[in-house]
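J.: Here's a structure for you.
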Amino acid sequence: MAFSGAKEDGREVKIYEYLDELSTDLADYISELSEASVKERGVFAIALSGGSLISLIRKLYEAPYSKTVDWSKWYIFWVDERVVAKNHVDSNYKLAKDGFLSKVPIVPSHVHSINDTVSAEKAAEDYEFVIRQLVRTRVISVSDVSDCPKFDLILLGMGPDGHIASLFPDHPILDEKDEWVTFVTDSPKPPPERITFTLPVINSASNVAVVVTGSSKAEAAHLAIDDVGPDVPSSPAKMVQPTKGKLIWYLDKAAASKLDCTKCSE
């Protein structure tokens with residue numbers, strides 16, 4: 001059984017009793033966005049995160065999606081990446097390749113991972129250059145309210161501290177306004193060196209989905225989703241507020257256990 005509710009600012013919150021149900025609904029959502037984007041633009045530009053998110057999109061490589069999705073039109077990016085070798089256990093690329101990309105017929109040249117042979121600063125610079133080139137050729141749309149890229153879909157997870165991508169609480173890069181991709185060398189969660197999309201890029205997307213599971217994230221979900229007043233510092237997750245795009249939160253019952261769900265309906 002799923003529950004959903006809309007907040008005053010247009011966010012949608014979906015809560016699921018069972019992970020299997022969440023995964024199915026998430027696959028429906030992604031496949032529908034893919035179909036609409038391909039119909040409108042001829043391509044589908046999607047940015048992935050790491051963590052448990054990859055296992056939660058596994059339904060996409062099963063029937064019916066495996067046959068109905070036009071995989072040849074997909075372009076894959078990463079919202080953030082650990083600056084490690086692509087075959088390293090900490091690599092988001094490896095996680096996505098092993099758990100998803102190797103199971104669907106996406107064109108290899110459409111998969112845009114970071115340069116894993118350079119420093120974090122250079123990797124961020126190189127990745128932004130790649131994205132700028134693809135904005136120029138309209139593989140990625142451009143925001144009509146800023147010069148930021150407008151991804152068709154950005155998929156995010158969230159940590160127990162409320163971090164999204166590699167944007168951590170109280171970190172200076174939360175204030176970055178000019179760069180599309182930046183880097184950290186002091187991540188509070190190992191490994192320390194990472195590249196990450198900045199908030200302006202995340203908030204310029206056409207669609208953003210934040211997928212959160214587990215009771216360890218319940219408090220962070222409450223602080224990010226509910227109106228907790230001005231005295232509580234905003235977590236990075238709460239700063240996800242698409243300028244013109246649509247934001248949906250997908251939560252299991254455990255992650256949603258501390259939400260003020262008075263506006264949720266069956």
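The values are calculated or read from the model by the stated rules, or taken from the named source; none is laboratory data. Bear in mind that the values here come from a model prediction, so they are computed numbers and not experimental data. Here the Cβ positions follow ideal geometry from the backbone for every residue, glycine too, while neighbour counts run over all protein chains shown. To get the accessible areas, we keep the full protein, side chains included, count just its heavy atoms, and leave off ligands, DNA and RNA. Shrake-Rupley method; radii C 1.70, N 1.55, O 1.52, S 1.80 Å.
J.: What's the total number of residues in segment 19-53 that are open to solvent by 40 Å² or more (accessible area, probe 1.4 Å) and at pLDDT 95 or above?
T.: Step one: filter segment 19-53 for residues open to solvent by 40 Å² or more (accessible area, probe 1.4 Å), giving 19-21, 24-25, 28, 32, 35-36, 39-41, 51-52.
Adding the requirement that they be at pLDDT 95 or above leaves 19-21, 24-25, 28, 32, 35-36, 39-41.
Selection size over segment 19-53: 12.
J.: Continuing with this model, one more query. Within segment 131-148, count every residue that is of a type outside the set (D, E, K, R), open to solvent by 50 Å² or more (accessible area, probe 1.4 Å) and assigned to a helix (DSSP H, G or I).
T.: 1
J.: May I ask you to say which residue of Ser113, Ser66 is open to solvent by 20 Å² or more (accessible area, probe 1.4 Å) and either of a type in the set (A, V, I, L, M, F, W, C) or outside any loop (DSSP other than H, G, I, E, B) (or both)?
T.: Details: Ser113 fails: either of a type in the set (A, V, I, L, M, F, W, C) or outside any loop (DSSP other than H, G, I, E, B) (or both).
Only one candidate qualifies: Ser66.
J.: Now for a different question. Does segment 233-249 include one or more residues that are touching a Phe, Trp or Tyr at 6+ places or on another chain (Cβ under 6 Å) and farther than 27 Å from Val135 by Cα?
T.: To start, the set of residues in segment 233-249 that are touching a Phe, Trp or Tyr at 6+ places or on another chain (Cβ under 6 Å) comprises none.
Checked segment 233-249: no residue is touching a Phe, Trp or Tyr at 6+ places or on another chain (Cβ under 6 Å) and farther than 27 Å from Val135 by Cα.
J.: Moving on. Could you go through segment 78-94 and let me know if any residue there is part of a helix (DSSP H, G or I), touching a residue at least 24 places away in the same chain (Cβ under 8 Å), out of contact with any Asp or Glu (no Cβ under 9 Å at 6 or more places or on another chain) and surrounded by fewer than 18 Cβ atoms within 10 Å (Cβ to Cβ). Give the derivation first.
T.: Here is the first cut: in segment 78-94, the residues part of a helix (DSSP H, G or I) are 92-94.
Among the residues that remain, those that are also touching a residue at least 24 places away in the same chain (Cβ under 8 Å) are: 92.
Still in the running and out of contact with any Asp or Glu (no Cβ under 9 Å at 6 or more places or on another chain): none.
Scanning segment 78-94, I find no residue that is part of a helix (DSSP H, G or I), touching a residue at least 24 places away in the same chain (Cβ under 8 Å), out of contact with any Asp or Glu (no Cβ under 9 Å at 6 or more places or on another chain) and surrounded by fewer than 18 Cβ atoms within 10 Å (Cβ to Cβ), so the answer is no.
J.: Could you grab me the full set of residues in segment 95-110 that are open to solvent by 70 Å² or more (accessible area, probe 1.4 Å) and part of a loop (DSSP other than H, G, I, E, B)?
T.: Result: Pro105, single match.
J.: Among (1) at pLDDT below 95; (2) farther than 20 Å from Leu26 by Cα; (3) not hydroxyl-bearing (Ser, Thr, Tyr), there is one condition His110 misses while meeting the rest; what is its number?
T.: His110 satisfies every listed condition except (1).
J.: What residue, among those in segment 63-84 that are touching a helix residue (DSSP H, G or I) at 6+ places or on another chain (Cβ under 9 Å) and of a type in the set (D, E, K, R), is farthest from Phe197 (Cα to Cα)?
T.: Asp70
J.: Can you tell me which residues in segment 215-237 are closer than 15 Å to Ser49 by Cβ and of a type outside the set (A, V, I, L, M)?
T.: Lys217, Pro236
Condition check ((1) farther than 23 Å from Lys244 by Cα; (2) open to solvent by less than 30 Å² (accessible area, probe 1.4 Å); (3) in contact with a Lys or Arg (Cβ under 9 Å, 6 or more places away or on another chain)) across all residues:
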site: Val181; (1), (2), (3): no, yes, no
site: Val184; (1), (2), (3): yes, yes, yes
site: Pro190; (1), (2), (3): yes, no, yes
site: Glu193; (1), (2), (3): yes, no, yes
site: Thr196; (1), (2), (3): no, yes, no
site: Ala205; (1), (2), (3): no, yes, yes
site: Gly214; (1), (2), (3): yes, yes, no
